[in-house]
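Engineer: Have a look at this one before I ask anything.
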Amino acid sequence: MGTFSIRATVSHPEHPESRLSIDLLVDTGATWSLIPADAAGSLGVQATESRRVRTAEDRHLDLPLAEVRFTINGRSLTTPCLIGSPGVPALLGAVTLEAFGLAPDPVQKILV
């Protein structure tokens, strides 16, 4: 299956005026969405807990988990989101896709 990215807006759930446009790699193999730590910091998003995850390289990491507001195709929802190291690619994972009721179309490289 091919990969593709979408442009979305992320914001602090309680302060939507603080927002960033970000490219998210659509990753159905990822349970959680992920934004880089520098993006989370600029939004003022604070982790409330952590999750143990296994990376594509088969490494196990404990990553911070926070609530982040995603705006995709004009709709906004708050979902759990991992906070990754600075410079890591942002991901749109299965939990957020399910919350929005979206699925990837890898041929057309869109969400439906």
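The values are calculated or read from the model by the stated rules, or taken from the named source; none is laboratory data. No experiment lies behind these values; they were computed from the predicted model shown. Here the Cβ positions follow ideal geometry from the backbone for every residue, glycine too, while neighbour counts run over all protein chains shown. Just the protein is used for accessible areas: all its heavy atoms, side chains included, with ligands, DNA and RNA removed. Shrake-Rupley method; radii C 1.70, N 1.55, O 1.52, S 1.80 Å.
Engineer: Could you list, in sequence order, all residues of the stretch 1-15 that are in a strand (DSSP E or B) and in contact with a Lys or Arg (Cβ under 6 Å, 6 or more places away or on another chain)?
Structural biologist: Once the filter is applied, which keeps residues that are in a strand (DSSP E or B) and in contact with a Lys or Arg (Cβ under 6 Å, 6 or more places away or on another chain), the stretch 1-15 yields THR9, SER11.
Engineer: Could I ask something else about it? Tell me the residue from SER5, SER42 that is without any contact (Cβ under 8 Å) to a residue 40 or more places away in the chain, open to solvent by 60 Å² or more (accessible area, probe 1.4 Å), small (Gly, Ala, Ser) and touching an Asp or Glu at 6+ places or on another chain (Cβ under 6 Å), please.
Structural biologist: Just a single option satisfies the conditions, and that option is SER5.
Engineer: What single numbered condition from (1) part of a strand (DSSP E or B); (2) of a type in the set (Gly, Ala, Ser); (3) open to solvent by less than 50 Å² (accessible area, probe 1.4 Å) fails to hold for SER50?
Structural biologist: (3) is the only condition that SER50 fails.
Engineer: Residue by residue through the stretch 56-112, note down the ones that are of a type in the set (A, V, I, L, M, F, W, C) and either open to solvent by 40 Å² or more (accessible area, probe 1.4 Å) or without any contact (Cβ under 8 Å) to a residue 24 or more places away in the chain (or both).
Structural biologist: Matches in the stretch 56-112: ALA56, LEU61, LEU77, VAL88, VAL95, ALA99, ALA103, VAL107, ILE110, VAL112.
Engineer: Okay, moving on. Hey, could you check the stretch 61-107 for residues that are of a type in the set (Val, Ile, Thr) and part of a strand (DSSP E or B) and say which is nearest to GLY44 (Cα to Cα)?
Structural biologist: So, considering only residues that are of a type in the set (Val, Ile, Thr) and part of a strand (DSSP E or B), the one nearest to GLY44 (Cα to Cα) is VAL68.
Engineer: Say whether the condition of being over 18 Å from GLU98 (Cα atoms) and among the aliphatic types (A, V, I, L, M) is met by at least one residue in the stretch 51-60.
Structural biologist: yes
Engineer: Same structure again: Identify the residue in the stretch 16-37 that is of a type in the set (D, E, K, R), touching a residue at least 12 places away in the same chain (Cβ under 8 Å) and out of contact with any Gly (no Cβ under 8 Å at 6 or more places or on another chain) and, among all such residues, is least open to solvent (accessible area, probe 1.4 Å).
Structural biologist: Of everything passing the filter in the stretch 16-37, ASP23 is least open to solvent (accessible area, probe 1.4 Å).
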